[in-house]
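J.: Handing you this structure, nothing more for now.
FYI, it's all coordinate maths here, none of it is from the lab. In this text the structure is predicted, and so the values were computed from the model without any measurement. Positions of Cβ are generated from backbone atoms using ideal geometry, with glycine treated the same way; all protein chains shown enter the neighbour counts.
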Amino acid sequence: MEQTLSIIKPDAVKKGVIGKIIDRFESNNLRIAAIKKIQLTQCDAQSFYAIHKDRPFFKDLVEFMISGPVVVMVLEGQNAVAKNRELMGATNPKEAATGTIRADFADSIDANAVHGSDSLENAKNEIAFFFGTREIC
Ligand code: ADP
Ligand code: MG
């Protein structure tokens with residue numbers, strides 16, 4: 001059993017598609033092991049995306065991630081990291097496969113509806129960033 005971190009980004013929260021996105025996970029054998037709706041601070045977003053700090057889109061990414069509340073979740077299931085990435089679709093919704101979350105709910109490469117950990121190691125770090133052990137069950 002694997003765990004991964006998922007974030008429903010501010011664009012999708014504003015659109016009112018939290019339930020529709022969670023349904024994609026639950027319908028594909030990814031269990032919600034933890035969940036909370038929070039407003040990220042600038043420091044939160046900068047440290048969460050520190051790996052991208054030298055990229056030209058970093059400032060816009062941080063601004064976008066703090067533009068409204070997000071829903072952070074721990075998803076659990078077999079091959080949870082890869083399964084979540086598959087359900088999300090490509091970073092750019094224009095390139096995302098039909099039926100993926102980003103194809104159906106994202107507007108642009110900036111406002112692309114969801115985040116998902118890209119490796120098991122990053123998943124562990126990202127889960128620990130948002131959740132204490134007693135919040136995951
Ligand atoms: P993913 O979210 O698919 O793992 P990355 O880790 O590469 O993608 O990038 C993190 C986030 O930064 C993306 O989800 C997207 O919101 C934003 N981003 C990535 N590349 C670009 C880009 N070329 N222009 C604008 N925003 C980008
Ligand atoms: Mg990424």
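J.: Just the residues that are part of a loop (DSSP other than H, G, I, E, B), more than 14 Å from the chain's Cα centre (by Cα) and more than 11 Å from residue 65 (Cα to Cα), please, taken from segment 18-48.
T.: 27, 28, 29
J.: Are any residues in segment 93-130 closer than 17 Å to residue 65 by Cβ and part of a loop (DSSP other than H, G, I, E, B), and if so, which ones?
T.: 106, 107, 108, 109, 110, 111, 112, 113, 117, 118
J.: Testing residue 76 on (1) surrounded by 18 or more Cβ atoms within 10 Å (Cβ to Cβ); (2) within 16 Å of ligand 1 (Cβ to nearest atom); (3) among the charged types (D, E, K, R), one condition comes back false. Which one is that?
T.: (2)
J.: Could you say which residue among 86, 76 is in a strand (DSSP E or B) and out of contact with any His (no Cβ under 9 Å at 6 or more places or on another chain)?
T.: It is 76.
J.: Still on this structure, I have one more. Taking interchain pairs and intrachain pairs at least six residues apart, which have beta carbon atoms under 6 angstrom, with the first residue in segment 105-132 and closer than 20 Å to residue 62 by Cβ and touching a residue at least 40 places away in the same chain (Cβ under 8 Å) and the second surrounded by fewer than 20 Cβ atoms within 10 Å (Cβ to Cβ) and of a type in the set (A, V, I, L, M, F, W, C)?
T.: So the pair list comes out as 110/64.
J.: Please determine whether any residue of segment 64-71 is within 13 Å of ligand 2 (Cβ to nearest atom) and among the hydroxyl-bearing types (Ser, Thr, Tyr). Quick ask: steps written out before the conclusion?
T.: Of the residues in segment 64-71, the ones within 13 Å of ligand 2 (Cβ to nearest atom) are 65.
Those left that are additionally among the hydroxyl-bearing types (Ser, Thr, Tyr): none.
Scanning segment 64-71, I find no residue that is within 13 Å of ligand 2 (Cβ to nearest atom) and among the hydroxyl-bearing types (Ser, Thr, Tyr), so the answer is no.
J.: Test residue 60 against the stated conditions and say whether it is touching a residue at least 40 places away in the same chain (Cβ under 8 Å), more than 14 Å from ligand 2 (Cβ to nearest atom), acidic (Asp, Glu) and farther than 22 Å from residue 123 by Cβ. Before the answer, list the steps.
T.: Numbers: touching a residue at least 40 places away in the same chain (Cβ under 8 Å): yes; more than 14 Å from ligand 2 (Cβ to nearest atom): yes; acidic (Asp, Glu): yes; farther than 22 Å from residue 123 by Cβ: yes.
Against the criterion (touching a residue at least 40 places away in the same chain (Cβ under 8 Å), more than 14 Å from ligand 2 (Cβ to nearest atom), acidic (Asp, Glu) and farther than 22 Å from residue 123 by Cβ), residue 60 qualifies.
J.: Identify the single condition in (1) touching a Phe, Trp or Tyr at 6+ places or on another chain (Cβ under 8 Å); (2) touching a residue at least 60 places away in the same chain (Cβ under 8 Å) that residue 40 does not satisfy, given that it satisfies every other one.
T.: All conditions pass for residue 40, except number (2).
J.: Let me ask something else. Being more than 15 Å from residue 27 (Cβ to Cβ), within 16 Å of ligand 2 (Cβ to nearest atom) and touching a helix residue (DSSP H, G or I) at 6+ places or on another chain (Cβ under 7 Å) is the filter here, so list the residues in segment 77-100 that pass it.
T.: 81, 89, 90, 93, 96, listed by residue number.
J.: Please indicate, with yes or no, whether at least one residue in segment 116-137 is of a type in the set (Val, Ile, Thr), out of contact with any helix residue (DSSP H, G or I) (no Cβ under 8 Å at 6 or more places or on another chain) and more than 18 Å from residue 17 (Cβ to Cβ). Walk me through how you get there before you give the answer.
T.: Going residue by residue through segment 116-137, those that are of a type in the set (Val, Ile, Thr) are 127, 133, 136.
Next, from what is left, pick out any that are out of contact with any helix residue (DSSP H, G or I) (no Cβ under 8 Å at 6 or more places or on another chain): 127, 133.
Restricting the remaining residues to those that are more than 18 Å from residue 17 (Cβ to Cβ) gives 127, 133.
Checking segment 116-137: at least one residue is of a type in the set (Val, Ile, Thr), out of contact with any helix residue (DSSP H, G or I) (no Cβ under 8 Å at 6 or more places or on another chain) and more than 18 Å from residue 17 (Cβ to Cβ).
J.: Turning to a different aspect of this structure: Restricting attention to segment 86-102, report how many residues are in contact with an Asp or Glu (Cβ under 9 Å, 6 or more places away or on another chain), of a type in the set (A, V, I, L, M) and surrounded by 13 or more Cβ atoms within 10 Å (Cβ to Cβ).
T.: Count: 1.
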